[in-house]
1. Each residue of region 625-637 in turn: what ³J(HN,Hα) in whole Hz from Karplus with 6.51, -1.76, 1.60 and θ = phi - 60°, glycine and Pro shown as x?
2. Of ALA264, GLN624, ILE133, which is farthest on the positive side of the dipole of the chain, counting Cα position, with +1 on Lys and Arg Cβ, -1 on Asp and Glu Cβ, and the Cα centre as origin?
3. Out of the GluC sites (Glu not before Pro) in region 387-422, which ones are loop residues according to DSSP with at most 15 other C-beta atoms within 10 Å?
4. Charges at C-beta only: +1 for Lys and Arg, -1 for Asp and Glu. How large is the resulting dipole of region 93-142 about its Cα centre, in Debye rounded to 20?
5. Whole-Hz Karplus ³J(HN,Hα) for region 108-125, in order, using 6.51 cos²θ - 1.76 cosθ + 1.60 and θ = phi - 60°, x for Gly and Pro?
6. How far apart, in nm, are two points set 7 Å out from the Cα along the Cα-to-Cβ line at LEU518 and at SER307?
7. Suppose each label sits 7 Å from its Cα in the direction of the beta carbon; what would the ALA590-ASN190 distance come out to in nanometres?
8. Which values of log₁₀ I(q)/I(0), to two decimal places, follow from the Debye formula for region 316-424 at q = 0.11, 0.13, 0.19, 0.21 Å⁻¹ with a uniform point scatterer at every Cα?
Amino acid sequence: MIEKLLVANRGEIACRVVRTCRELGIATVAVYSDADAGALHVRDADEAVRLPGATPAETYLRGDLIVRAALAAGADAVHPGYGFLSENADFARAVIGAGLVWIGPPPEAIEAMASKIRAKQLMGIEPLAEDAITEAELPVLVKAAAGGGGRGMRIVRELPDLKSELEAARAEALSAFGDGEVFVEPYVENGRHVEVQILADAHGTVWALGTRDCSLQRRHQKVIEEAPAPGLDGELRVALAEMALRAARATDYRGAGTVEFLIADGAAHFLEMNTRLQVEHPVTEEVFGIDLVALQIRIAEGEALPSAEPPTPHGHAVEARLYAEDPARGWAPQTGTLHRLCLPAGPGLRLDTGFTDGDTIGVHYDAMLAKVIAWAPTRAEAVRKLAGALERARVHGPVTNRELLVRSLRHPEFREAGVDTGFYDRRLPELTRAADGTETAALAAALADAAARRRGAAAGVTARVGGWRNLPSQPQTRRYLTGGTEYEARYRTTRTGSEAVGLPGVRVLDATSDGSVLLEVNGVRRKFEVSRYGADQVNVDTPTGAYTFTEAPRFLDPTAQPAPGSLLAPMPGTVVRVADGLATGARVTAGQPLVWLEAMKMEHRISAPATGTLTALHAVPGLQVEVGALLAVVQEDETS
């Protein structure tokens, strides 16, 4: 029996494993990088061991240090979670060789399926030869052989781009998984991503636990998942289950795994088999009423699955991944303090997260803050419940994709189960457009709150009479920034309090210094909650969404403004490379990639804003930069 388990991971999945271990009476050990010393998974575990590493990103890839930590802490088992070393056969062997229990499939099964190249070959599929690809075979997909989560993946639509995209994919895969091997396969446009959860014991029983649809993706990374996959006919469901079972039995599989497919024109195309727990496993747990982590542990202890056939599924579950990113700005990851993360309580709602109020979102790891899961008897009810919970959630801090998730869940294509992997390519502009009128009302709430707090902080006669004067006064002006747009808003202090100026259809009915604001918007009363953090961040939670404003200073220093043609870092990160031969004085063309930044395990390309001459280059590989750091300057050609 396992008495103490080390979780060889971080964040949400580490917290998830710790939670199940606590329910089973198993003590837990966390490992952490220097960047994670105060992280939630470290605080949740019974014990924790620091892992020294060259960089925070490399720390969790040091299998030797993790095994040493497990032995030092007296653990008798290791759970790898997902990502990092979860599909590394050598790490599994090292754990087993140290006399520890490995919570995962046999190393031989990992080797057979964890490499996407070898997995395809096992299923009778050969990847494309890199040096023999022609225009006729485009588009193609460059894909990392190890790992997942969209890292190390690139779509190539133009043959001249193939070489650079291969290099970028290799660099990203090496950074994320410690393995830079990539391959090329045909890219299927607008297919559906459907997968089958499997679970196998050492006594010959294999379960196929229904299907999951993970088609709603950005940058090849899943955003919303659901179980069961809607709209599949019975014959196709049976075929998917049979292929998944065949893949498991062919490798003498044990533990949890997932077999992934692309569905196009009614046919299933094998993608890969992930020999680990998936991020989206909660939707399967909710539908089947099981704990996959607990079953993983029991299988590793030698127990048999409780029955020859899996449990009967009930209802429908949907999961949304809440990311610290700005979808309207190329999915740019965001960093900073997460001041508040609160989901409304209710039956059928679940929050899996590795963060809590006050935690810092850094640049070294994935941008996912949490997974929000809803279960209901029907798909329509589950989708509605999840959208409502996200809308009412309090998420204060860096920009997130919360509003995008709500709009995606309520989009007709999603409600009718018609989305494919190209959904965001088609719909992102409309899904990130500001809602008519709502932003104005939120702005009015921020103004009213500012006036109320100012009155509350005032002293003497001014506080007692509300700042009222016998003569009309000029309105007070405040400037707010949100989503790259600047708003100038005005309010006037009156005998009864304050009123917004120039905001049609909005009237302030009440505002208190504790952040409660009551507005009348086009004749309808609405309650708003305003929260302030630091000197300039203002969060406004409305009945139909939320807004984050940055209050701009009243006076700007013109010398602090960037020069025309400046390339500024859109996020904190590390410069991983610059374009070959790039130097001061070089000629560049508009849109030409010049610098690559790595943030949150993803590469981000910084391109020339115009055609001209590079007059300054400050970016060098290895340089750590903050948001707004000057990377380079391009002097645009003059036009006659």
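Taken together, the values in this text are just the output of simple stated rules run on the coordinates, not laboratory data. Remember, predicted model here, so these are calculated numbers, not experimental data. Neighbour counts are summed over all protein chains in view; Cβ atoms, including those assigned to glycine, are modelled from backbone coordinates with ideal geometry.
1. Per residue, the Karplus-derived 3J(HN,Hα) values read 10, 9, 4, x, 5, 7, 9, 6, 9, 10, 8, 5, 4 Hz.
2. Toward the positive end, the furthest listed residue is GLN624.
3. GLU416
4. 400 debye
5. 5, 5, 5, 4, 5, 10, 5, 7, 5, 5, 5, 5, 5, 5, 4, 8, x, 10
6. Computed distance between label sites LEU518 and SER307 equals 5.5 nm.
7. With each label placed 7 Å out from Cα toward Cβ, I get 3.0 nm.
8. -0.34, -0.48, -0.98, -1.15
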